[in-house]
Amino acid sequence: MIALPRRSLLAGTALALTLRPLCAQTPPRDSPLDAAIRTWAGGVMPRDGRVSFEVPALVDNGNGVPITVRVDSPMTEADHVREIAVFNERNPLRDVLRCQLSPANGRAEVGARIRLATSQRLAALARMSDGSIWQQRVDVLVTLAACIES
């Protein structure tokens, strides 16, 4: 058995205890939702606000979930919504809805019925004419799932 001076042993233990938590941490992984949004946004960081995303918090049947997305915009030539997109966390395809808009639309609002595979997080995003991107995220609880792959 090798005899170590007490100070060396304590210093080595303190160093090991200090380094271990740093080594044990793994970098955070993007969720599938975040990855889809990052790809669509093309490097622009979405900001919260300006988007109103209406979807029931509790859905009995995921086969036809009504959604409405509204964006606070004057819809003028100088300031308008160019695109509205809705992404999901757990459906087989991440993008649920994509709509191109122009000032001719008059107002930035879209409505649709979508399918949801299971309870999950949804995100509605709007790309503005100035290049900024705005978002709102919501959680939806689905009791009867839809679009499940066999």
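A few points about this structure:
- For the stretch 44-66, the residues whose backbone nitrogen is under 13 Å from a point 7 Å from the Cα of residue 83, taken along Cα to Cβ, are 44.
- With contacts taken as Cα pairs under 8 Å at a separation of at least 6 residues, the stretch 60-124 carries a relative contact order of 46 percent.
- Three-way shape call for the stretch 78-150 based on the alpha-carbon gyration tensor, with the a/c threshold at 1.5: prolate
- Approximate spin-label separation residue 61-residue 76, in nm, with each point projected 7 Å along Cα-to-Cβ: 4.6 nm
- Solvent-accessible area per residue for the stretch 35-90 (1.4 angstrom probe, square angstrom): 51 Å²
- Here the 3J(HN,Hα) profile of the stretch 101-107, calculated from phi with Karplus coefficients 6.51, -1.76 and 1.60 at θ = phi - 60°, is 10, 8, x, 5, 5, x, 8 Hz, Gly and Pro shown as x.
- Residues with amide H under 5 Å from that of residue 101, placed H, sequence gap 5 or more: 83, 84
- Surface composition of the stretch 92-150: carbon plus sulfur atoms contribute 47% of the solvent-accessible area (1.4 Å probe, protein chains only, all chains present).
The values are calculated or read from the model by the stated rules, or taken from the named source; none is laboratory data. Note that this is a predicted model, so its numbers are computed, not measured. Heads up, the Cβs are rebuilt from the backbone with ideal geometry, glycines too, and the neighbour counts pull from every protein chain shown. To get the accessible areas, we keep the full protein, side chains included, count just its heavy atoms, and leave off ligands, DNA and RNA. Shrake-Rupley method; radii C 1.70, N 1.55, O 1.52, S 1.80 Å.
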